[in-house]
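Q: Have a look at this one before I ask anything.
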Amino acid sequence: MDKTTSILKLKEIQASTNACVTIIENDEKTHEGLLSNIPVALKDNVITKGILTTGGSKLLSNYIPPYSATIVHKIKQAGGVIVAKTSLDELGMGGTGTASFNGIVRNPHDLTRQAGGSSSGSAVVVAAKAVDYAIGSDTGDSVRKPASFVGVVGTKPTYGRISRYGIIPYASSLDHVGYFTSNVTQAALMCDVLSGVDPLDQTTLPVCPTNTLETLNDNVSGKVFGIFEDVVNAVNDEETLKNFEAVCNALVKKGAILKSISMDEDLLRACLPTYYIIANCEATANHSNLTGVNFGLTQDGEDVEDIMTKTRTVGFGPLIRKRFVIGSYGLKDENQEKLFRQAQKVRRVVVDEFTKMLNECDGLIAPATSSCAPLLEGANTNVLSNTHLIAENYMVISNFSGTPSITIPSLPVKGLPNGINITCKVEDEATMFKLALAVESCVKELL
Ligand code: GLN
């Protein structure tokens, strides 16, 4: 797809989906490479020099950064052309696409439904075929969940694989750069483009960039797919289960081996609350620089404290204000040990269990979400059900563990998209893309 077609399509879908914060018409190719002349969209928490970068927050609604994220340079060096900054739930917090300062993002397959979040706009522009590549970020599942709801491939590589320099942070121990593509082959290519050690991000892995595309094939003969049994058991939707089983049977026909693998249920039910404590505490610390003093929106006040209070009250939406209250509570001296530190310990126990599970197979597989995208209005969730705590939110485990994880479109549910997720061992993107490619070809055969 060329830039002109991409921009026309972005404009066309904007009125119905509200996927973009900014459409960029004047970027040109500067290098030759894997992405020569290919349009790429960026989530609007990716810092772009001279181009509005809002992070989905009113507080940054006037912020024009003086520098660009490392991944922007990598995309440009590979020949890519930046065509849009896409909408997100405020500062990456949220999973619905309804919590951005600039309005709700809608699912292009059914405008009455959620696109998922927080990387809502990036998921939508790929689903609507306005671009083949869009960058997102994934702290809990923010690439892999919207990918499932809009029917595209959503990839979150290993923690440290891709530099986060110049990405507005959410929760640093959980934040990953991820991305959306139209298919698995493009996902492998994008991993090669974005990977690599970055002196500006000390959490990047000290290894060479990946070369996954060159070795990519879907030969899964003898490969062991670990069925994440607890997740499957927590899904109630018959069609999701039937589709999952059909794909698994097709994998067996390709020579794959299926193995049922489980985790302690109490531990699994603890994952989401543990995630929220860690994420909210880290977010509170990370966003303490959004004061209205140095950059972004500002409000008049009598002194610095008054300016900060007024700016943050006006600048942040209700959902994230609530999260900052929870985060501040968890970080208070008297609560830190029993909330934040305790959550970190639970995280460690989960990661140890998960590592054992991954050692029993080549990759774990499960439905990415329990059904198709929920309606924007009237969706009610029983927050203590296994469907919510496990089936809808187990993908946070890959953020706890830094493991590479990918969502691939499966067969439709109620005529709408729904994905399958695969997670592999840390640094083993090569296996992840291989297993994902096999799932992709099984789904094609079954359609
Ligand atoms: N929905 C989760 C949250 O609200 C995940 C967000 C993300 O991965 N950025 O925190």
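The values are calculated or read from the model by the stated rules, or taken from the named source; none is laboratory data. If you're wondering where the values come from, they're calculated on a predicted model, not measured in any experiment. Cβ coordinates were reconstructed from backbone atoms using ideal geometry, including for glycine residues, and neighbour counts include every protein chain displayed. When the accessible area is computed, the model is the full protein with side chains, heavy atoms only, and any ligands, DNA or RNA have been set aside. Shrake-Rupley method; radii C 1.70, N 1.55, O 1.52, S 1.80 Å.
Q: Given (1) at pLDDT 95 or above; (2) assigned to a loop (DSSP other than H, G, I, E, B); (3) open to solvent by less than 30 Å² (accessible area, probe 1.4 Å), identify the lone condition not met by T210.
A: The one condition T210 does not meet is (1).
Q: Another question about this same structure. Identify, from the list T70, T86, T54, the residue that is within 16 Å of the ligand (Cβ to nearest atom) and either more than 21 Å from the chain's Cα centre (by Cα) or more than 15 Å from F180 (Cα to Cα) (or both). Spell out the reasoning first.
A: Values: T70 fails: within 16 Å of the ligand (Cβ to nearest atom); T86 fails: either more than 21 Å from the chain's Cα centre (by Cα) or more than 15 Å from F180 (Cα to Cα) (or both).
Exactly one of T70, T86, T54 is within 16 Å of the ligand (Cβ to nearest atom) and either more than 21 Å from the chain's Cα centre (by Cα) or more than 15 Å from F180 (Cα to Cα) (or both), namely T54.
Q: Quick one: what pairs do we get from the stretch 312-338, first residue on the phi > 0 side of the Ramachandran plot, second crowded, with 17+ Cβ neighbours inside 10 Å, C-beta under 9 Å, 6+ apart or different chains?
A: none
Q: Name every residue in the stretch 133-175 that is within 13 Å of the ligand (Cβ to nearest atom), more than 23 Å from K49 (Cβ to Cβ) and assigned to a strand (DSSP E or B), in order of residue number.
A: Of everything in the stretch 133-175, those that are within 13 Å of the ligand (Cβ to nearest atom), more than 23 Å from K49 (Cβ to Cβ) and assigned to a strand (DSSP E or B) turn out to be D138, G154, K156.
Q: Evaluate the following for Y276: is it modelled with pLDDT of 95 or more, of a type in the set (F, W, Y), away from the ligand (no atom under 16 Å from the Cβ) and open to solvent by 80 Å² or more (accessible area, probe 1.4 Å)? Explain how you work it out, then say what you get.
A: On the way: modelled with pLDDT of 95 or more: yes; of a type in the set (F, W, Y): yes; away from the ligand (no atom under 16 Å from the Cβ): no; open to solvent by 80 Å² or more (accessible area, probe 1.4 Å): yes.
In short, no.
Q: Looking only at the stretch 71-80, count how many residues are part of a helix (DSSP H, G or I) and either surrounded by 24 or more Cβ atoms within 10 Å (Cβ to Cβ) or touching a Cys at 6+ places or on another chain (Cβ under 6 Å) (or both). Even if it seems obvious, please write down each step before you answer.
A: Our first condition is that a residue be part of a helix (DSSP H, G or I); within the stretch 71-80, this holds for 71-77.
Then drop every residue that is not either surrounded by 24 or more Cβ atoms within 10 Å (Cβ to Cβ) or touching a Cys at 6+ places or on another chain (Cβ under 6 Å) (or both), which leaves 71, 75.
Going through the stretch 71-80 one residue at a time, the tally reaches 2.
Q: Output the qualifying pairs, or none if there are none: Cβ atoms under 7 angstrom, residues six or more apart or on different chains, first residue in the stretch 292-306 and in a helix (DSSP H, G or I), second residue not aromatic (F, W, Y).
A: That search, which allows pairs on different chains as well, returns V304/V293.
Q: Ok, one more. If you take just the helices (runs of 4 or more DSSP H) that sit entirely in the stretch 329-447, which of them hold at least 3 residues that are farther than 23 Å from G95 by Cβ and open to solvent by less than 40 Å² (accessible area, probe 1.4 Å)? Can you show your working first?
A: Details: elements: 333-336, 342-359, 397-401, 429-446.
Counting at least 3 such residues, we get 429-446.
Q: Okay, next question. For the stretch 26-64, enumerate the residues that are part of a loop (DSSP other than H, G, I, E, B), touching a Lys or Arg at 6+ places or on another chain (Cβ under 6 Å) and open to solvent by less than 70 Å² (accessible area, probe 1.4 Å).
A: D44 - this is the single residue of the stretch 26-64 that is part of a loop (DSSP other than H, G, I, E, B), touching a Lys or Arg at 6+ places or on another chain (Cβ under 6 Å) and open to solvent by less than 70 Å² (accessible area, probe 1.4 Å).
Q: Quick check on this structure: which one of L339, L364 is among the aliphatic types (A, V, I, L, M) and more than 16 Å from D141 (Cβ to Cβ)? Please lay out each step first, then the result.
A: Values: L364 fails: more than 16 Å from D141 (Cβ to Cβ).
Only one candidate passes the filter, namely L339.
Q: Of the residues that make up the stretch 194-204, is at least one in a strand (DSSP E or B) and out of contact with any Lys or Arg (no Cβ under 9 Å at 6 or more places or on another chain)? Give the steps one after another, and end with the answer.
A: Filtering the stretch 194-204 down to residues in a strand (DSSP E or B) leaves 195, 198, 201.
When the remaining residues are screened for being out of contact with any Lys or Arg (no Cβ under 9 Å at 6 or more places or on another chain), the result is none.
Looking through the stretch 194-204, none of the residues is in a strand (DSSP E or B) and out of contact with any Lys or Arg (no Cβ under 9 Å at 6 or more places or on another chain).
Q: Would you mind finding the one in G97, G116 that is within 11 Å of the ligand (Cβ to nearest atom), open to solvent by less than 10 Å² (accessible area, probe 1.4 Å) and either assigned to a strand (DSSP E or B) or in contact with a Lys or Arg (Cβ under 7 Å, 6 or more places away or on another chain) (or both)? Can you show your working first?
A: Working: G97 fails: either assigned to a strand (DSSP E or B) or in contact with a Lys or Arg (Cβ under 7 Å, 6 or more places away or on another chain) (or both).
None of the others qualify; the one that does is G116.
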